[in-house]
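Undergrad: Handing you this structure, nothing more for now.
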Amino acid sequence: MIWEILHQWDQVITLSLNHLHSGLSDNIMMFLSKKELWFPMYAIMAYFVFRRLGFKKGLIVMLSVGLTIAACDQTSNLFKYSIGRLRPCYNADMLTGGLHILEGRSSLFGFFSAHSANAFGLAAVTIYGFKNDKKFKYNKYAVFILLWAFLVAISRIFVGKHYFGDILVGGFIGIAYGCIFGFLTRLLIQKLFKERATLHAI
(Lines give C-alpha, C1' and ligand atoms only; values in the text may rest on other atoms or scores of the structure.)
Protein backbone atom coordinates (compact mmCIF):
# COMPACT_ATOMS: atom_id res chain seq x y z
CA MET A 1 0.00 0.00 0.00
CA ILE A 2 2.72 2.47 1.01
CA TRP A 3 4.79 1.43 -2.00
CA GLU A 4 1.83 2.09 -4.34
CA ILE A 5 1.27 5.56 -2.86
CA LEU A 6 4.98 6.40 -3.17
CA HIS A 7 5.00 5.11 -6.73
CA GLN A 8 2.00 7.26 -7.66
CA TRP A 9 3.63 10.38 -6.22
CA ASP A 10 6.84 9.46 -7.99
CA GLN A 11 4.96 9.30 -11.27
CA VAL A 12 3.34 12.70 -10.68
CA ILE A 13 6.65 14.39 -9.77
CA THR A 14 8.46 12.73 -12.67
CA LEU A 15 5.87 13.80 -15.25
CA SER A 16 5.79 17.34 -13.82
CA LEU A 17 9.57 17.66 -14.23
CA ASN A 18 9.64 15.84 -17.57
CA HIS A 19 7.06 18.24 -19.03
CA LEU A 20 9.31 21.26 -18.29
CA HIS A 21 11.06 20.87 -21.60
CA SER A 22 11.83 23.03 -24.59
CA GLY A 23 13.97 22.72 -27.69
CA LEU A 24 16.95 24.23 -25.87
CA SER A 25 16.55 22.20 -22.67
CA ASP A 26 16.11 19.00 -24.70
CA ASN A 27 19.50 19.48 -26.34
CA ILE A 28 21.18 20.37 -23.04
CA MET A 29 19.68 17.40 -21.20
CA MET A 30 20.58 14.96 -23.97
CA PHE A 31 24.13 16.29 -23.88
CA LEU A 32 24.39 15.96 -20.09
CA SER A 33 22.91 12.47 -20.18
CA LYS A 34 25.59 11.03 -22.47
CA LYS A 35 28.35 9.16 -20.68
CA GLU A 36 30.80 10.22 -23.39
CA LEU A 37 30.71 13.65 -21.72
CA TRP A 38 32.26 12.09 -18.65
CA PHE A 39 35.55 11.09 -20.28
CA PRO A 40 36.81 14.68 -20.75
CA MET A 41 35.58 15.37 -17.20
CA TYR A 42 37.59 12.42 -15.88
CA ALA A 43 40.68 13.56 -17.77
CA ILE A 44 40.50 17.15 -16.48
CA MET A 45 39.78 15.99 -12.94
CA ALA A 46 42.65 13.46 -13.02
CA TYR A 47 45.02 16.16 -14.27
CA PHE A 48 44.22 18.42 -11.31
CA VAL A 49 44.30 15.54 -8.82
CA PHE A 50 47.84 14.59 -9.87
CA ARG A 51 48.90 18.23 -10.15
CA ARG A 52 47.68 19.13 -6.67
CA LEU A 53 48.52 15.91 -4.81
CA GLY A 54 51.50 14.52 -6.68
CA PHE A 55 51.75 11.13 -8.36
CA LYS A 56 51.56 8.82 -5.33
CA LYS A 57 48.71 10.51 -3.48
CA GLY A 58 46.96 11.21 -6.79
CA LEU A 59 47.13 7.55 -7.77
CA ILE A 60 45.54 6.50 -4.48
CA VAL A 61 42.74 9.05 -4.96
CA MET A 62 42.12 7.95 -8.55
CA LEU A 63 41.91 4.32 -7.39
CA SER A 64 39.26 5.42 -4.87
CA VAL A 65 37.36 7.07 -7.74
CA GLY A 66 37.46 3.80 -9.68
CA LEU A 67 36.25 1.80 -6.68
CA THR A 68 33.41 4.25 -6.08
CA ILE A 69 32.15 4.08 -9.64
CA ALA A 70 32.49 0.27 -9.74
CA ALA A 71 30.52 -0.02 -6.47
CA CYS A 72 27.79 2.32 -7.77
CA ASP A 73 27.48 0.42 -11.05
CA GLN A 74 27.37 -3.04 -9.49
CA THR A 75 24.91 -2.02 -6.78
CA SER A 76 22.69 -0.37 -9.38
CA ASN A 77 22.66 -3.53 -11.51
CA LEU A 78 21.86 -5.64 -8.44
CA PHE A 79 18.93 -3.41 -7.52
CA LYS A 80 17.61 -3.13 -11.07
CA TYR A 81 17.34 -6.86 -11.65
CA SER A 82 16.34 -7.74 -8.08
CA ILE A 83 13.53 -5.17 -7.78
CA GLY A 84 12.48 -5.16 -11.44
CA ARG A 85 10.88 -1.72 -11.56
CA LEU A 86 10.11 -0.73 -15.16
CA ARG A 87 11.60 2.47 -16.49
CA PRO A 88 8.99 5.22 -17.06
CA CYS A 89 9.49 4.86 -20.82
CA TYR A 90 8.08 1.30 -20.56
CA ASN A 91 5.20 2.22 -18.25
CA ALA A 92 1.81 2.58 -19.96
CA ASP A 93 0.54 5.13 -17.42
CA MET A 94 3.59 7.34 -17.96
CA LEU A 95 3.28 7.13 -21.74
CA THR A 96 -0.44 7.95 -21.54
CA GLY A 97 0.44 10.87 -19.27
CA GLY A 98 2.57 12.35 -22.05
CA LEU A 99 6.08 11.29 -21.04
CA HIS A 100 8.59 13.11 -23.23
CA ILE A 101 11.25 10.63 -24.44
CA LEU A 102 14.55 11.83 -25.91
CA GLU A 103 16.62 8.64 -25.93
CA GLY A 104 16.24 5.01 -26.89
CA ARG A 105 14.55 3.03 -24.12
CA SER A 106 17.46 0.59 -23.47
CA SER A 107 17.02 -1.98 -20.65
CA LEU A 108 13.66 -2.62 -19.02
CA PHE A 109 14.49 -1.79 -15.41
CA GLY A 110 15.65 1.50 -13.95
CA PHE A 111 15.70 1.48 -10.13
CA PHE A 112 18.02 3.01 -9.25
CA SER A 113 19.84 5.38 -11.63
CA ALA A 114 23.50 4.46 -12.16
CA HIS A 115 24.05 7.85 -13.82
CA SER A 116 22.93 9.63 -10.66
CA ALA A 117 24.90 7.32 -8.36
CA ASN A 118 28.08 7.64 -10.41
CA ALA A 119 27.83 11.42 -10.72
CA PHE A 120 27.27 12.03 -7.01
CA GLY A 121 29.75 9.31 -6.05
CA LEU A 122 32.40 10.96 -8.22
CA ALA A 123 31.60 14.33 -6.64
CA ALA A 124 31.84 13.05 -3.06
CA VAL A 125 35.00 10.99 -3.47
CA THR A 126 36.90 13.74 -5.31
CA ILE A 127 35.90 16.38 -2.76
CA TYR A 128 37.42 14.09 -0.13
CA GLY A 129 40.39 13.54 -2.40
CA PHE A 130 41.22 17.23 -2.69
CA LYS A 131 41.11 17.53 1.10
CA ASN A 132 44.49 15.78 1.05
CA ASP A 133 45.96 19.04 -0.25
CA LYS A 134 45.80 21.46 2.68
CA LYS A 135 46.51 24.46 0.46
CA PHE A 136 43.73 23.71 -2.05
CA LYS A 137 40.55 25.76 -1.63
CA TYR A 138 38.10 23.07 -2.67
CA ASN A 139 34.85 24.91 -1.80
CA LYS A 140 34.39 26.24 -5.33
CA TYR A 141 35.21 22.84 -6.76
CA ALA A 142 32.62 21.25 -4.45
CA VAL A 143 29.91 23.65 -5.65
CA PHE A 144 30.82 23.01 -9.30
CA ILE A 145 31.02 19.21 -9.11
CA LEU A 146 27.83 18.87 -7.05
CA LEU A 147 25.96 21.13 -9.49
CA TRP A 148 27.27 19.02 -12.36
CA ALA A 149 26.12 15.84 -10.59
CA PHE A 150 22.66 17.33 -10.02
CA LEU A 151 22.29 18.29 -13.69
CA VAL A 152 23.43 14.85 -14.86
CA ALA A 153 20.94 13.20 -12.51
CA ILE A 154 18.00 15.44 -13.44
CA SER A 155 18.74 14.94 -17.15
CA ARG A 156 17.70 11.29 -16.74
CA ILE A 157 14.16 12.43 -15.98
CA PHE A 158 14.08 14.80 -18.95
CA VAL A 159 15.19 12.10 -21.41
CA GLY A 160 12.47 9.75 -20.09
CA LYS A 161 14.73 7.07 -18.64
CA HIS A 162 14.17 7.43 -14.88
CA TYR A 163 11.70 8.40 -12.22
CA PHE A 164 12.52 11.11 -9.69
CA GLY A 165 12.83 8.38 -7.06
CA ASP A 166 15.42 6.57 -9.18
CA ILE A 167 17.76 9.54 -9.26
CA LEU A 168 17.09 10.45 -5.62
CA VAL A 169 18.04 7.00 -4.35
CA GLY A 170 20.94 6.84 -6.80
CA GLY A 171 22.25 10.16 -5.54
CA PHE A 172 22.14 9.08 -1.89
CA ILE A 173 23.87 5.78 -2.63
CA GLY A 174 26.52 7.53 -4.73
CA ILE A 175 27.25 10.04 -1.98
CA ALA A 176 27.40 7.21 0.58
CA TYR A 177 29.93 5.23 -1.47
CA GLY A 178 31.91 8.37 -2.30
CA CYS A 179 32.14 9.38 1.35
CA ILE A 180 33.10 5.87 2.48
CA PHE A 181 35.86 5.40 -0.09
CA GLY A 182 36.96 9.02 0.21
CA PHE A 183 37.20 8.81 4.00
CA LEU A 184 39.11 5.50 3.92
CA THR A 185 41.46 6.86 1.27
CA ARG A 186 42.12 9.96 3.34
CA LEU A 187 42.97 7.81 6.35
CA LEU A 188 45.26 5.65 4.22
CA ILE A 189 47.10 8.67 2.79
CA GLN A 190 47.51 10.22 6.24
CA LYS A 191 48.88 6.96 7.62
CA LEU A 192 51.26 6.22 4.74
CA PHE A 193 52.69 9.70 4.43
CA LYS A 194 52.89 10.27 8.17
CA GLU A 195 54.94 7.09 8.48
CA ARG A 196 57.23 8.19 5.64
CA ALA A 197 57.68 11.60 7.20
CA THR A 198 58.60 9.89 10.49
CA LEU A 199 61.13 7.64 8.74
CA HIS A 200 62.77 10.62 7.03
CA ALA A 201 63.03 12.41 10.38
CA ILE A 202 64.92 9.50 11.99
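Undergrad: Excluding ligands and nucleic acids, what accessible area in Å² is computed for Lys56 using a 1.4 Å probe, to the nearest 10?
TA: We get 120 Å² for Lys56.
Undergrad: In the neighborhood of Val49, defined by Cβ-to-Cβ distances under 13 Å, what is the net charge if each Lys or Arg adds +1 and each Asp or Glu adds -1? If you can, show how the numbers build up before the last one.
TA: Values: positive: Arg51, Arg52, Lys56, Lys57, Lys131; negative: Asp133.
That sum, taken over residues with Cβ under 13 Å, equals +4.
Undergrad: What does the extension gain come out to for Ile2 and Leu95, with contour length at 0.36 nm per residue minus their alpha carbon separation? Please list the in-between numbers first.
TA: Details: separation 93, 0.36 × 93 = 33.48 nm, distance 2.32 nm.
Contour length minus the Cα-Cα distance gives 31.2 nm.
Undergrad: Rank Cys179, Cys89 by accessible area, highest first, at a 1.4 Å probe radius?
TA: Numbers: Cys179 50, Cys89 0 Å².
Per-residue accessible area, sorted high to low, gives Cys179, Cys89.
Undergrad: Shifting gears a bit: Can you find, among Tyr47, Gly84, Ala149, the residue sitting farthest towards the positive end of the charge dipole of the chain, where Lys and Arg contribute +1 and Asp and Glu -1 at Cβ?
TA: Tyr47
Undergrad: For the range 47-86, with all protein chains present and a 1.4 Å probe, just round the carbon and sulfur fraction of the accessible area to a whole percent.
TA: Numbers: 1530 of 2320 Å².
C and S atoms contribute 66 percent here.
Undergrad: Using the heavy atoms of the protein chains and a 1.4 angstrom probe, tell me the accessible area per residue for the chain in square angstrom. Each step should come with its number before you reach the end.
TA: Values: 11130 Å² over 202 residues.
Heavy-atom accessible area per residue stands at 55 Å².
Undergrad: Now for a separate question. Measuring from centroid to centroid over Cα atoms, what is the spacing of the range 75-97 and the range 124-161 in Å?
TA: Cα centroid to Cα centroid, the span is 26 Å.
Undergrad: By average Cβ neighbour count within 10 Å, what is the ranking of 42-53, 118-129 from highest down? Display every interim value, and only then the final one.
TA: Numbers: 42-53: 15.0, 118-129: 26.4.
Highest to lowest by the protection proxy: 118-129, 42-53.
Undergrad: Using the C-alpha gyration tensor of the chain, what are the square roots of 5 times its eigenvalues, in whole angstrom, with the largest one first?
TA: Values: eigenvalues 280, 61, 31 Å².
Each semi-axis is √(5λ); the values are 37, 17, 12 Å.
Undergrad: If I build a Gaussian network model for the chain, linking alpha-carbon pairs within less than 10 angstrom, which residue out of His162, His19, His100 has the largest mean-square fluctuation?
TA: Among His162, His19, His100, the largest mean-square fluctuation in the Gaussian network model of the chain belongs to His19.
Undergrad: By how many nm would the segment from Lys131 to Phe144 lengthen if fully extended, with 0.36 nm per residue of separation less the alpha-carbon distance? Walk me through the numbers on the way to the answer.
TA: Numbers: separation 13, 0.36 × 13 = 4.68 nm, distance 1.56 nm.
Extra length from Lys131 to Phe144 when fully extended: 3.1 nm.
Undergrad: So for each of 102-112, 167-177, 4-14 I average, over its residues, the number of other beta carbons within 10 Å; can you give me the resulting order with the highest mean first? Could you put the intermediate results ahead of the total?
TA: Values: 102-112: 16.8, 167-177: 22.8, 4-14: 13.9.
Result, highest mean first: 167-177, 102-112, 4-14.
Undergrad: Largest first, how would Met41, Met1 line up by accessible area (1.4 Å probe)? The partial results should precede the final answer.
TA: Details: Met41 35, Met1 160 Å².
Highest to lowest solvent-accessible surface, that is Met1, Met41.
Undergrad: If you roll a 1.4 Å probe over the range 100-202 with all protein chains in place, what percent of the accessible area is carbon or sulfur?
TA: On the way: 3610 of 5080 Å².
After summing per-atom areas, the C and S share lands at 71 percent.
Undergrad: Sort Leu99, Leu59 by accessible area with a 1.4 Å probe, largest first. Show your work: numbers first, answer last.
TA: Working: Leu99 20, Leu59 75 Å².
Heavy-atom accessible area, descending, gives Leu59, Leu99.
The values are calculated or read from the model by the stated rules, or taken from the named source; none is laboratory data. None of these values were measured; they are calculated from a predicted model. Counting neighbours? That spans all protein chains shown, and the Cβs are built from the backbone with ideal geometry, glycine included. Surface accessibility is based on the protein's heavy atoms, side chains included, excluding ligands, DNA and RNA. Shrake-Rupley method; radii C 1.70, N 1.55, O 1.52, S 1.80 Å.
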